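Here's the structure we're looking at; comments come further down.
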Amino acid sequence: MKTRTSTPAVPARDFPPNGRPGRLRSLLRGSRLRGARRSIGLFRDEDGFTTVGVALALLITLSLVFTSAQVYRVSSASADVQDVADAVALAAENEVAEFMIVVRVCDAVVLSLSLTSAVATGLGVAALCTPATAAASEVLLDAARKVVQARDSFADKAVAGLNRLQKALPFLATANAASVASANDGGAMGASYLGLAVLVPADGEELSLGTVEGAEDLVGEAEREAGDIKRAAAEAEEAAQEANACKERAFRRDCGDAPGYCMYERASTLAGLAGADNPRYASVDAWSFSVALDRARAYYARRLASEEPEGASVEDRARSALRQRFYAYASDEVGRGYVHESAESFDALFPHLPKNTAEMRETTLYTEAVYPTTSDGAGQTVAHAWPGCPEAAGAAGAMSIAQMEAEGCPACPACGFTAASMGKVAAASTSIENGFEYHYEAVAQAADDYRKARAELDPLAAEVKGRAGGLLDGCLDVLRRAADMRIDAAPPGRFGAVAFAANANAAAASTGFASGFVREAGELGARAAVSAATLLAEPSDEGKNVVSSLLDGLRERGGAATGALGVVLDCWSGLLGAYLEGQEAVQGAVERAVDALPFASASGLGSWAAGAFEKVAGALGLEPAKLDALKPVLVNSAHAAAADDASFTARFLAVKAQAVAHPLASTDLFSSVVTAAEAAAVEGIAGLDGTIEIASVRLFGDGGPAIPITIALPQAARDAAADFASGVADGVRSVYAQVTGVRAWE
């Protein structure tokens, strides 16, 4: 309760000198006002902030907050249909991306089968070149023919299956689009979405396939040549075995028997040869006949240079002189020897040294006139072993051993020189194994035998190489033409997909967010939107990894086989990787196949053929396929539609242009475009079930393993009825009929 206080009287003397009391009244008035403000502090303070003002401010703020939230929710709910339309477009175009993966897998199978047929043919030709693999060649060539047939059969079925699948793409895109749209149902506003998509273009180009000419003809030619190649290879193998035995024998007599008696050991012991003049080889594979010939040259040169009498007697000096004559002769003889050897031919001369008097008479040792002569007391001519013979003093001439025997000259009483004297020089060392000439003669004989065997072998090997080499060159031609038989596709939707989405559920604006601060103001009606997507090739390993995983599945289902068929099956498994890795996979598959067959042979023709075929495969130079990942991305719908000149896209572009220019003019525009999309989707529905088998691979005919390539349809497509697309289109049209205007399409 307010109280009033009295003010005491003020003495007159307290007034100002001018006698004016105004200042006092002003002070009194101010005092009363301040007292009044203090008395009502419960409702307001000195700054004017009141309880009622606070309450009103709070109410206004809350109203604004809830109103803003409601506006945001309404705007978000209205905009969600565009997000759904974007998702629908991406889902539709994703079906096209998956179709292209199937195309790539089928293309990889066709390429790998073409390569496998050529490789199997090459392996069959190489197998003809050695008796050890000749039996496998028939199996390999037969397998090559069956692989060619399997490739042709698979290619025809794959093209037909892919054509069926691409005709179904519009429906599959529609089904997947509707499934994605319905997956967004619900939420705070209780949305119920319908989605429809149409591919641009709606029709794909008919798939076709080139042919690889010559693959089966090459197999036939190899089969016709097989008999002659086998015969020549078998005869060459026999000759090669004989030649190799001769070479092995020569190797052992030269240095292979060390540390036992052999040319190497005798040269070291008798002449002190070492190092490069007297090398030792551990294997006949590294040794050649020229090693023995060079060793003999070094040996006789050393013996000639170091020859000395074993004693001071005339007999010792005479034998030393004759040995010196023999070493000089032997050095000249081995000096004119030669060895000419290559993979295709062999020619050698190992001069034979005399090992007795009879053989000595066939040499220049018998005919050379180098022996000094004198006359005895009876007037007969006497020949001496060397000029230093005590009886040769005053020698007036010289004669040969042949002249000495022809004239019946008596032997020298001092040195006892006769024809047998020279014949005995090499007789001992040639007849027993502790003589160098004994082993040299064995090598020389082995060289003669080896030359004869090679004379038989080389023409046969040349025949085999000529026939087989021509066939292997044909394999390279077939391998190079394999790139012509490839599958390429231009499917529906290659330019993009246009999607339509509609929210069929009309809900109160306050749904899920009722508040007393915002007055109920009707409901949020049906909404619709358009979007588009296209495929973008992105450089990454994703596309390669997807195809790789599918091809790995084909390898695992390829079954198991043994022997030559197992080699072909393993080869196909490796060549599937050629689609991804190119030449590296081809080379690896061929090398593994070659290693799996026993190509080693005495003639070397098996190794030659294997190496020649590996060179053929290496000359292919196959590049891996371009496997960029195809990913759907959002684009302006006009860009997607403008890439095609079909009736739907023309209608769509016209409708879009009219809607942008006159957004409130008509509700029939949207419906007309949806009707065109419906027609494109319904066309691909007929005959579809849960899966589509593209083709089946049968490498070895009906009796071989069957490897099907089957495409499982999306669940939405499996569940869809024949009137699915029409039902979705009707729903979209009915929703749009409720809309009185359209915002500009993006």
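The values are calculated or read from the model by the stated rules, or taken from the named source; none is laboratory data. Model, not experiment: these values are computed from the prediction. Counting neighbours? That spans all protein chains shown, and the Cβs are built from the backbone with ideal geometry, glycine included.
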### Message
Which count do you get for residues in the range 425-452 that are small (G, A, S) and either closer than 30 Å to E315 by Cα or over 54 Å from the mean Cα position of the chain (by Cα) (or both)?
### Response
6
### Message
I'm told E310 meets every condition in (1) within 27 Å of A453 (Cα to Cα); (2) part of a loop (DSSP other than H, G, I, E, B); (3) of a type in the set (D, E) except one. Can you identify the failing condition by its number?
### Response
(1)
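Quick grid of which residues meet (1) in a helix (DSSP H, G or I); (2) of a type outside the set (D, E); (3) out of contact with any strand residue (DSSP E or B) (no Cβ under 9 Å at 6 or more places or on another chain):
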| residue | (1), (2), (3) |
| --- | --- |
| T430 | yes, yes, yes |
| N434 | no, yes, yes |
| H439 | yes, yes, yes |
| Y450 | yes, yes, no |
| G469 | yes, yes, yes |
| C475 | yes, yes, yes |
| A482 | yes, yes, yes |
| A489 | no, yes, yes |
### Message
Looking for something closer than 17 Å to F436 by Cα, buried (at least 18 other Cβ atoms within 10 Å of the Cβ), at pLDDT below 95 and touching a Ser or Thr at 6+ places or on another chain (Cβ under 8 Å) - is there at least one such residue anywhere in the range 347-354?
### Response
yes
### Query
Of the residues T363, T373, which single one is within 28 Å of A292 (Cα to Cα) and either free of Cβ contacts under 8 Å to residues at least 60 places away in the same chain or in contact with a Gly (Cβ under 9 Å, 6 or more places away or on another chain) (or both)?
T363
#### Entry: Subset of the range 147-194 [over 25 Å from F99 (Cβ atoms), over 31 Å from the mean Cα position of the chain (by Cα) and either at pLDDT 85 or above or among the aliphatic types (A, V, I, L, M) (or both)]
A188, M189, A191
### Task
For residues that are within 14 Å of R325 (Cβ to Cβ) and part of a strand (DSSP E or B), tally how many sit in the range 378-398.
2
### Query
Name the pairs whose Cβ atoms lie under 9 Å apart, with the first residue in the range 103-115 and outside any helix (DSSP H, G or I), the second modelled with pLDDT under 85 and surrounded by 23 or more Cβ atoms within 10 Å (Cβ to Cβ), and 6 or more positions between them or separate chains?
none
#### Entry: Test for A135: is it free of Cβ contacts under 8 Å to residues at least 40 places away in the same chain and of a type outside the set (D, E, K, R)
yes
### Evaluation of V291 against (1) modelled with pLDDT under 95; (2) of a type in the set (A, V, I, L, M, F, W, C); (3) part of a helix (DSSP H, G or I) (one fails), failing number
(1)
